[in-house]
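The block underneath contains the structure these notes are about, expressed in structure tokens.
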Amino acid sequence: MVPGVLLTEMMGQCAAKALDTEMETRGKAILAKIESATFRDWIGPGQNLEFRAEIKLNRRQFAKASCQTCVGEKQVARADLLFSFIPLDKFAPHYLDRALDAFLSRKNSQASQ
């Protein structure tokens with residue numbers, strides 16, 4: 001079984017990645033508060049999860065996202081999350097997010113075509 005705290009973390013990571021693609025200058029999105037979370041079913045071994053995040057409010061200092069976890073078409077968890085932003089200079093000197101960098105590289109090359 002997947003504990004609710006891990007589902008919440010995974011939903012938060014999904015939303016944070018979306019936020020990190022928008023305004024690089026404000027820093028990295030960090031989960032600051034779980035405003036609400038609901039778990040509707042157990043998730044067991046072998047089940048494929050799909051995470052969705054809708055950014056509801058996006059300001060320079062904070063953001064809010066409504067997230068959900070689905071197994072197939074069935075919603076098994078949801079959470080409303082609040083994020084703050086940590087300046088990049090607070091991370092290790094050569095900090096890289098390879099997945100995010102690859103996504104942004106593809107996005108920028110598609111935009112230039």
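The values are calculated or read from the model by the stated rules, or taken from the named source; none is laboratory data. Computed from a prediction, not measured in an experiment: that's the story for all the values here. Here the Cβ is made from the backbone with ideal geometry for all residues, glycine too, and neighbour counts use every protein chain on show.
Once the stretch 40-87 is narrowed to residues that are of a type in the set (Asp, Glu) and touching a residue at least 24 places away in the same chain (Cβ under 8 Å), the residue that is nearest to Met23 (Cα to Cα) is Asp80. Taking the criterion of being modelled with pLDDT under 95, surrounded by 13 or more Cβ atoms within 10 Å (Cβ to Cβ) and either among the hydrophobic types (A, V, I, L, M, F, W, C) or at positive phi (or both), would at least one residue in the stretch 46-60 satisfy it? No - not one qualifying residue is present in the stretch 46-60. Which number in (1) surrounded by 15 or more Cβ atoms within 10 Å (Cβ to Cβ); (2) aliphatic (A, V, I, L, M); (3) in contact with a Ser or Thr (Cβ under 7 Å, 6 or more places away or on another chain) marks the one condition that Ala63 misses? Going through (1) surrounded by 15 or more Cβ atoms within 10 Å (Cβ to Cβ); (2) aliphatic (A, V, I, L, M); (3) in contact with a Ser or Thr (Cβ under 7 Å, 6 or more places away or on another chain) one by one, Ala63 breaks only (3).
Name the residue that is surrounded by the most Cβ atoms within 10 Å (Cβ to Cβ), counting only residues in the stretch 16-44 that are more than 18 Å from Asp80 (Cβ to Cβ) and hydroxyl-bearing (Ser, Thr, Tyr). Quick ask: steps written out before the conclusion?
Just the residues of the stretch 16-44 that are more than 18 Å from Asp80 (Cβ to Cβ), to begin with: 20-28, 41-44.
Now narrow it down to the ones that are hydroxyl-bearing (Ser, Thr, Tyr): 21, 25.
Numbers: Thr21: 12, Thr25: 8.
Across the stretch 16-44, the extreme among qualifying residues is Thr21.
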